[in-house]
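Participant: Following this message is one structure expressed as structure tokens.
The values are calculated or read from the model by the stated rules, or taken from the named source; none is laboratory data. Since the structure is predicted, the reported quantities are computational estimates derived from the model, not experimental observations. Don't worry about glycine lacking a Cβ; one is built from the backbone with ideal geometry, like all the others, and counts go over all protein chains shown.
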Amino acid sequence: MQYTPMKDSPASPTPPAAFWRELRKALPADGLLVKPGDLGAYECDGLTVYKARPLAVALPRTREQVGAVLRICNRHAVPVVARGGGTSLSGGALPRTDGIVLSLARLNRILAIDPENQTARLEPGVRNLAVSEAAAAYGLFYAPDPSSQIACTIGGNIAENAGGVHCLKYGLTVHNVLAVKMFTSDGVLHELGGPTAEGPLDLLALVVGSEGLLGVVVEATVQLKPKPQAVVALLAAFRSLEQAAGAVSAVIAAGIVPAGLELMDRLAIQAAGAYTGQHYPPGTEAVVLAEVDGDDGTCALEYAHLRAILKAQKAFALDEARTSEERRLLWAGRKSAFPAVGRLAPDYYCMDGTIPRRALVEVLAQIAVLSAQYGLPVANVFHAGDGNLHPLILYDARRPGELARVEQLGGDILKLCLAHGGTISGEHGVGVEKLDGMCAQFTPAELVAFHALKAAFDPYELLNRGKAIPTPARCVEPGGMHVHGGRVPFGHLERY
Amino acid sequence: MTSHTEAVEQVCATVQTAYERGTPLEIVGSGSRRHWGREPIGEPLVLASYRGIVAYEPSEYVITVRAGTPIADIEAAVAAHGQTLAAELPRGAGPSTIGGAVALGLTGPSRPYAGSLRDAILGARIVTGTGQLLRFGGQVLKNVAGFDVSRLMVGAYGTLGVLMEVSLRLHPQPEESAVCVLACDWATARSRLLGWTGRLPLTGACYYEGRLHVRLGGRAAAIGRAVQEIGGETGSADTFFALRDLRLDALGVPPAALWRLLVPPAAPLDPPASVVDWGGAQRFWATQEPAGVVHALAARLGGQAVRLAGADRQEDVWAAPAPATMALYGRVKAVLDPRHILNRGRLSARW
Ligand SMILES: Cc1cc2nc3c(=O)[nH]c(=O)nc-3n(C[C@H](O)[C@H](O)[C@H](O)COP(=O)(O)OP(=O)(O)OC[C@H]3O[C@@H](n4cnc5c(N)ncnc54)[C@H](O)[C@@H]3O)c2cc1C
């Protein structure tokens, strides 16, 4: 593995006039934004604490134009950040000041829905929810359903290996994408995968979740699934967070695979209640939301089993929803939890660690202790069935030093996840945000392997340069996270 | 008896020496599936004794095992807790190992209903072609930190690393199973299958010699109802085991080469595959047609052909992709095995 570590994100020189000429020629008349006023909307993604103004935003309409833009950038060594819906929570779509943003938003055609083969062929800028909407006419749906599904795109989902409420049973993006067409940074188109998602080497598996580092996806064929005959959702209220977390572990241990299994703690419930007007029984400290589906017979049996377990785990109130309207109401609180929590404080910071499900009770208890120690409130609303935590740290960025403390608490939470055999990111990706966590999760040799794989696809590091994989040099203390001795965890990160 | 740590160190040392000398190694589990793929060459690196369960917490539905562990041992260990591997894995005659299963990357008839082996992989430890021990993924269901190198191992025929340990997702064992057999043509079989998918607890569906075999698994009460709805004769679970292990008589006999055609499930049954599996998406075809012809036929159906076994051990397993993509495969291979010492030539004549 030959890889000479570079310093973090060296800036490229300013591109020459020829670059701009070629770029203008390659794109439609309205396809290149350069005015500061037009660039504002592209300065950040869902992780708004990081902002950077790119040199320009390219808005191609066709895959040929995408290829042309990449070839021009490659020729002039201009870094590129692909962008779908811009909802990434890890700074994945954060621009570079020395590069351009390549927006795939206008490649938003559903090329085909094939009900016979239960697949859909999509351009990358198709919104996640639009796929299920289009498939509904055939009784089909696209399973991965991130909470951001109104706004996020298939290209972004592939880059982040997005998950959602229904992933416990139906899998993540990686389990539902069969094939992609993708440009490497040299503007060469590659076809990966096939009708059964196989290939001579499974580069498709490498590309899904690669955070846009390996190529720009311009077409995806995804698996659709038949809508289940019967669906029942259940809301179980508990008098303590510990009981609720215990109930989740018990459901998993009993061998039930619910379509969804989510948990919300008191802070999240209060926020959601205020936001949606949904009422939770008085005295509720945490709720578990579960959904079972399948054929009529299986669904009824699973439901009875699930209900019995939740009761035995001391759920003091159980509410069920059978019609789609009832289910919509029951899920409303969960679906709006992020914006709802957003009203509790000027800012929140969303974490994304994953742990073995048997460790839920202990890890949540330790998070509560950390929250008290730091004096920063933490709301929990997350994919409990997958063990994917989303502690939301509430803070006020205007208070001097508070963001640094938030990041420190975040680092401690991730360390907690790793100590329990988990990972620093379940679905939001590493981006610019969890680079130091990568140093704790991987050895220098593993990081070198990642960089070498990156170089196999993108030798000049044009795509999402500086993201997702820290240079081994950055991980000064191998195996340790940079949060000791009062050091700011993200201090090495460029700030614009 | 050396400890497991020593065994790993030994593998690293062996690979490192081979790397320095540039001499190829043949990675061997139990050797039960050596006849699949291209001709193995090189000094054997036997992993059969590197076996056993590293971690298994039944409440978590995840198991971590050493690569030399026989598939049957894993199944027995998890069955004791009412669990089963999420992906059904083919095995040869003899104690086929999990490491070999990952290398071949095949999944049995359950795939459309319970996912593939690739879907069930959560993490792995591998020794690269330079002798480095690396760990990717983990033991949790969701993990997007770092590239998904563990999944990349599936189906690579051991050409990207010596698999040492793998973590797999488990599923609850079905309470009850049943097999129904219906005599019908493929078009009828296919439309009936479409009607049942998502409504009945299917765990397998294959079609050969004018009969559709449907396997059901799940809650006892649901199985009873499903069997009634499907009708037909009572079939045998052995049909599906034989298909899983590619020893079903209908698959055909040598000297024909055995191919998998991976196609959109609704594609016409042409060429007339010997056995249709995965509800139509996988067709086994025993034929003496030249490889080029088979690849062209598969491409015409919108799919791909994979050569499993045959007398000529020089044919590549897959058709060559576009040259630029082939070069990309080559660069990825070079990252993990720069001197092409791991299972050289097993998957492709190029490396
Ligand atoms: C309120 C909220 C809730 C969320 N809930 C979930 C959730 O439940 N589950 C979950 O997994 N995530 C969730 N997310 C995170 C985010 O929505 C996902 O990561 C999503 O997949 C990003 O898609 P996007 O189109 O917005 O991509 P962007 O944010 O535009 O980009 C994300 C990354 O993908 C790359 N990229 C984009 N398009 C392409 C392409 N065509 N080819 C190559 N690379 C590309 C970008 O360069 C970037 O690195 C949530 C976000 C928000 C704001």
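Participant: Could you please find all residues in segment A:141-187 being in a loop (DSSP other than H, G, I, E, B), without any contact (Cβ under 8 Å) to a residue 40 or more places away in the chain and among the hydrophobic types (A, V, I, L, M, F, W, C)?
Facilitator: A:ILE150, the sole residue that qualifies.
Participant: To continue, here is another question. Take the conditions touching a residue at least 24 places away in the same chain (Cβ under 8 Å), within 16 Å of the ligand (Cβ to nearest atom), in contact with a strand residue (DSSP E or B) (Cβ under 6 Å, 6 or more places away or on another chain) and within 14 Å of chain B (Cβ to nearest Cβ) and apply them to A:MET264. Does it pass?
Facilitator: In short, no.
Participant: Then there's this: Given the conditions (1) more than 24 Å from the chain's Cα centre (by Cα); (2) crowded, with 22+ Cβ neighbours inside 10 Å, report the number of the one that A:ALA259 does not fulfil.
Facilitator: (1)
For (1) within 26 Å of A:GLY466 (Cα to Cα); (2) within 14 Å of chain B (Cβ to nearest Cβ); (3) surrounded by 20 or more Cβ atoms within 10 Å (Cβ to Cβ); (4) within 16 Å of the ligand (Cβ to nearest atom), each residue gets a yes or a no:
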| position | (1), (2), (3), (4) |
| --- | --- |
| A:ALA26 | no, no, yes, no |
| A:LYS35 | yes, no, no, no |
| A:TYR42 | yes, no, yes, yes |
| A:ASP45 | yes, no, yes, yes |
| A:VAL49 | yes, no, no, yes |
| A:VAL57 | yes, no, yes, yes |
| A:ARG61 | no, no, no, yes |
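Participant: Continuing with this model, one more query. Considering (1) in a loop (DSSP other than H, G, I, E, B); (2) buried (at least 24 other Cβ atoms within 10 Å of the Cβ), say which one A:VAL131 fails and leave the rest.
Facilitator: For A:VAL131, the exception is condition (1).
Participant: A further question follows. Determine which member of the set A:ALA197, A:ALA220, A:ALA233 is assigned to a loop (DSSP other than H, G, I, E, B) and modelled with pLDDT of 95 or more.
Facilitator: Testing whether each residue is assigned to a loop (DSSP other than H, G, I, E, B) and modelled with pLDDT of 95 or more leaves just A:ALA197.
Participant: Across segment A:219-231, which residue is nearest to the other protein chains (Cβ to nearest Cβ) among those that are surrounded by fewer than 24 Cβ atoms within 10 Å (Cβ to Cβ) and either within 16 Å of the ligand (Cβ to nearest atom) or on the phi > 0 side of the Ramachandran plot (or both)?
Facilitator: A:THR221
Participant: Shifting gears a bit: Hey, can you tell me all the residues within segment B:128-159 that are within 21 Å of the chain's Cα centre (by Cα), part of a loop (DSSP other than H, G, I, E, B) and facing chain A (nearest Cβ under 7 Å)?
Facilitator: B:GLY138, B:GLN139, B:LEU141, B:ASP148, B:VAL154, B:GLY155, B:ALA156 - these are the residues of segment B:128-159 that are within 21 Å of the chain's Cα centre (by Cα), part of a loop (DSSP other than H, G, I, E, B) and facing chain A (nearest Cβ under 7 Å).
Participant: Next up: Just to verify a result, which residue in segment A:83-97, among those that are within 6 Å of the ligand (Cβ to nearest atom) and within 14 Å of chain B (Cβ to nearest Cβ), is surrounded by the most Cβ atoms within 10 Å (Cβ to Cβ)?
Facilitator: Checked segment A:83-97; the qualifying residue surrounded by the most Cβ atoms within 10 Å (Cβ to Cβ) is A:GLY92.
Participant: Here is a check on your reading of the model: is B:PRO338 without any contact (Cβ under 8 Å) to a residue 40 or more places away in the chain and either more than 9 Å from chain A (Cβ to nearest Cβ) or on the phi < 0 side of the Ramachandran plot (or both)?
Facilitator: no
Participant: Here are some residues: B:ALA76, B:ALA114. Which one is farther than 30 Å from B:TYR19 by Cα and in contact (Cβ under 8 Å) with a residue 24 or more places away in the chain?
Facilitator: None of the other options fit; the residue is B:ALA114.
Participant: In the same structural domain as A:GLU191 (by TED's automatic domain parsing) and near the ligand (Cβ under 8 Å from one of its atoms): which single residue out of A:ALA130, A:ALA162, A:ALA143 fits that description?
Facilitator: A:ALA162
Participant: Still on this structure: For segment B:261-316, name all the residues that are among the acidic types (Asp, Glu), closer than 26 Å to B:THR239 by Cα and crowded, with 17+ Cβ neighbours inside 10 Å.
Facilitator: Within segment B:261-316, B:ASP277 is the sole residue that qualifies.
Participant: Moving to a separate point now. Being assigned by TED's automatic domain parsing to the domain that holds A:VAL81 and touching a Gly at 6+ places or on another chain (Cβ under 7 Å) is true for just one of A:GLY155, A:GLY194, A:GLY91. Which residue is that?
Facilitator: A:GLY91
Participant: Any residue that is within 16 Å of the ligand (Cβ to nearest atom), part of a loop (DSSP other than H, G, I, E, B) and in contact (Cβ under 8 Å) with a residue 12 or more places away in the chain - is there at least one of those in segment A:64-73?
Facilitator: no
Participant: Here's a follow-up. Looking at A:LEU403, is it modelled with pLDDT under 95, out of contact with any helix residue (DSSP H, G or I) (no Cβ under 9 Å at 6 or more places or on another chain) and within 16 Å of the ligand (Cβ to nearest atom)?
Facilitator: Answer is no for this residue.
Participant: Any chance segment A:199-214 includes a residue that's outside the structural domain of A:PRO79 (by TED's automatic domain parsing), in contact (Cβ under 8 Å) with a residue 12 or more places away in the chain and within 7 Å of the ligand (Cβ to nearest atom)?
Facilitator: Yes, that holds for at least one residue.
Participant: Then there's this: Of everything in segment B:261-304 that's touching a helix residue (DSSP H, G or I) at 6+ places or on another chain (Cβ under 8 Å) and among the small types (Gly, Ala, Ser), which residue is farthest from B:ALA320 (Cα to Cα)?
Facilitator: So, considering only residues that are touching a helix residue (DSSP H, G or I) at 6+ places or on another chain (Cβ under 8 Å) and among the small types (Gly, Ala, Ser), the one farthest from B:ALA320 (Cα to Cα) is B:GLY279.
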